[in-house]
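To start, the structure itself, in structure tokens.
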Amino acid sequence: MKKTLFIISSLLVMSCASNNDLIYSQDEEQNLNLKEALPSLSNKILASNGGEITLMDLDLNKTFMQPDGGGCSFEAGYNIDNTYTSTAAFGPTPLTFLGYTIRGYGIPRTDAFLWKGIRFSASNKPQTTDIGGGRNPIINNNPKSNAISIEFPFQANFTYEIRLDTSIQDFIYHIKHGSSNAIADLYNVDQSQGLPTVGVELTNSPQIRGNDPCAKRPIVNNSFVSNYFKQEKAVVSYGAYTKNEFIFNFSLTESQNAIIIYFQPELSGLTPNFVPESDFSMLLQNVKIIQKPFDPSHVPSLPCNKIGGFRC
């Protein structure tokens, strides 16, 4: 009897050992698909305690190998003598990254060596336009903006708090006051003349609006059609990267399927023929989504793209 039990126990141990790889792969698949089960799970938790639950805590504050195949080609390299054509960036083709489906506009990307998180860029520079045969030249904005979208199920009749942890650097100041660099001559000022904004939109479609997501100077369409858009100007101290935490609250009266994160430059205002020259880099280091009981104070009373500059 003892010998029989020993044989059975041995077979069970061998079976468990041989199935370890299968178990790990199943666990990984469950983690990647966890977001699909979040709505029902969050409903149960909120119903039980009337509180809030963190549905996403996406830690990006580390170096990552670059996800490849986003749909854009660009020149990459760590010095001017060693460049190559790469497709390892977020673009219009959806990529699976850390268990989420992500798209990009303007080639935001990660790097395995140089920085932590997903890097965005936003800039603006004056551009002269001749509209009268040389008699009436005017100065226009020539902006560059970036964005990413993350597919995520947002439910109606809840309030969502979106927290973004970022680090932002004035690239012009960094170049002008750093070591000698040939590209410093590309800028006419010693530091940026305007501050960038970070925006968040909850929307039905993960597609990011714009004409050319792979352009050298991409422009994200800023005529937002969703009521669920908010933005905030960044605070930047010159020199090193400045940490910025952005917090946005949305109370949804209808479900949405994605979050879009924008990084945009400051454009010319009411001053004629003045365009603020700027160039900023942003590292997105954490995205947190917290679901709360519905708070009517965060319901937009007017469309966010209302003519006249209404800001939700």
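Computed values, structure above
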read-out	value
Those residues of the stretch 65-87 which are modelled with pLDDT of 90 or more and among the charged types (D, E, K, R), in sequence order	D68
Lone unmet requirement of (1) in a helix (DSSP H, G or I); (2) surrounded by 20 or more Cβ atoms within 10 Å (Cβ to Cβ) for V200	(1)
Leading residue by the ranking (farthest from K116 (Cα to Cα)) among those in the stretch 150-184 that are part of a loop (DSSP other than H, G, I, E, B) and either among the acidic types (D, E) or touching a helix residue (DSSP H, G or I) at 6+ places or on another chain (Cβ under 6 Å) (or both)	Q155
Test: residue in the stretch 185-194 that is within 22 Å of P108 (Cα to Cα) and touching a Cys at 6+ places or on another chain (Cβ under 6 Å)	no
Test: K144 is modelled with pLDDT under 95, among the basic types (K, R) and surrounded by 11 or more Cβ atoms within 10 Å (Cβ to Cβ)	no
Condition check for N227: over 15 Å from I289 (Cα atoms), of a type in the set (S, T, N, Q) and outside any loop (DSSP other than H, G, I, E, B)	no
Number of positions in the stretch 240-295 that are over 29 Å from P94 (Cβ atoms), among the β-branched types (V, I, T) and at pLDDT 95 or above	1
The stretch 91-141 - residue that is over 26 Å from G194 (Cβ atoms) and of a type in the set (V, I, T) and, of those, surrounded by the most Cβ atoms within 10 Å (Cβ to Cβ)	T110
Flag if I247 is of a type outside the set (K, R), buried (at least 18 other Cβ atoms within 10 Å of the Cβ) and either within 26 Å of L98 (Cα to Cα) or touching a helix residue (DSSP H, G or I) at 6+ places or on another chain (Cβ under 6 Å) (or both)	no
Checklist (1) within 25 Å of D59 (Cβ to Cβ); (2) part of a loop (DSSP other than H, G, I, E, B); (3) among the polar types (S, T, N, Q) applied to Q285, failing item	(2)
Residue match in the stretch 73-81 (condition: assigned to a loop (DSSP other than H, G, I, E, B), hydroxyl-bearing (S, T, Y), surrounded by fewer than 16 Cβ atoms within 10 Å (Cβ to Cβ) and in contact with a strand residue (DSSP E or B) (Cβ under 7 Å, 6 or more places away or on another chain))	yes
Those residues of the stretch 114-149 which are in a loop (DSSP other than H, G, I, E, B), more than 21 Å from K230 (Cβ to Cβ) and not polar (S, T, N, Q), in sequence order	L114, W115, K116, G117, K125, P126, I131, G132, G133, G134, R135
Filter pass, I168 being closer than 19 Å to I208 by Cα, of a type in the set (V, I, T) and within 16 Å of the chain's Cα centre (by Cα)	no
Residue among R109, R217 that is in contact with a strand residue (DSSP E or B) (Cβ under 8 Å, 6 or more places away or on another chain) and under 18 Å from N286 (Cβ atoms)	R109
Residue among N273, N257 that is surrounded by fewer than 16 Cβ atoms within 10 Å (Cβ to Cβ), at positive phi and touching a residue at least 24 places away in the same chain (Cβ under 8 Å)	N273
Scan of the stretch 135-171 for residues that are under 23 Å from N244 (Cβ atoms), in contact with a Leu (Cβ under 6 Å, 6 or more places away or on another chain) and aliphatic (A, V, I, L, M), ordered by number	none
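The values are calculated or read from the model by the stated rules, or taken from the named source; none is laboratory data. All values derive from a computational prediction rather than experimental measurement. A quick note on method: Cβ atoms are made from the backbone with ideal geometry, for glycine too, and the neighbour counts reach across all protein chains shown.
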